[in-house]
Amino acid sequence: MKQIGLGVCLFLLSIAGNADTDSEVAAAKIAIKEFAGALQTELKNAMEAGGPVAAIAVCNTRAMSIATQVAADHGMQLSRVSLKNRNPLNAANSWQAPVLADFEKKRLAGNDISQLAWTETLGVEGGKEFRFMKAIPTVEICLRCHGTELAPETSGILAELYPKDRATGYKKGDIRGAFVVTRTTPD
């Protein structure tokens, strides 16, 4: 039997690696869609029932539990981050902040925010970590709680719940933040 050359082996490994990454990206997108859909439904219902103040209560009490449940269902970690976070737990970390900055550069260059995504897989102690981020566009409904002109009752509840809030001043079409998926697997 002939020996397979190093170049062929590296090519085959890259194909396998790409297939793994493609599978991880597809799983991440499914989880993000599920999380975003569930959160959006609860926010829409709260907004219809009680306006922005009720929607803020949903974000404050339900967003993280929805993310936790979806993440558990899919065997991954799932969160939202921003450079201008409302909740301190949603601050971008050292590898997420540069990705968000790159998303902003791409937005300014005219790229479609809904298509901005980033992925990497890297070795970590005992295995590898898949990382995926997808930009969150600011749409019209977001501006009631994240815009430049907030109703006094909205500003009041935000000041009460989030005294270090940095998540206002957005305009339609800005990048609000990103969904983040990570999954660590053993070697």
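Bear in mind that the values in this text are calculations on the coordinates, not laboratory data. Remember, it's a predicted structure, so these values are computed and weren't measured experimentally. Here Cβ is always computed from backbone atoms with ideal geometry, including for glycine, and neighbour counts include all displayed protein chains.
Here the condition is being part of a helix (DSSP H, G or I), under 24 Å from Pro163 (Cα atoms), β-branched (Val, Ile, Thr) and in contact (Cβ under 8 Å) with a residue 40 or more places away in the chain; of Val53, Val58, it holds for Val53 alone. Among the residues making up segment 61-79, those that are under 17 Å from Ala178 (Cα atoms), assigned to a helix (DSSP H, G or I) and touching a residue at least 12 places away in the same chain (Cβ under 8 Å) are Ala63, Met64, Ile66, Ala67, Val70, Ala71. For segment 37-83, the candidate set comprises residues that are of a type in the set (Val, Ile, Thr) and surrounded by 15 or more Cβ atoms within 10 Å (Cβ to Cβ); within that set, the residue that is nearest to the chain's Cα centre (by Cα) is Val81.
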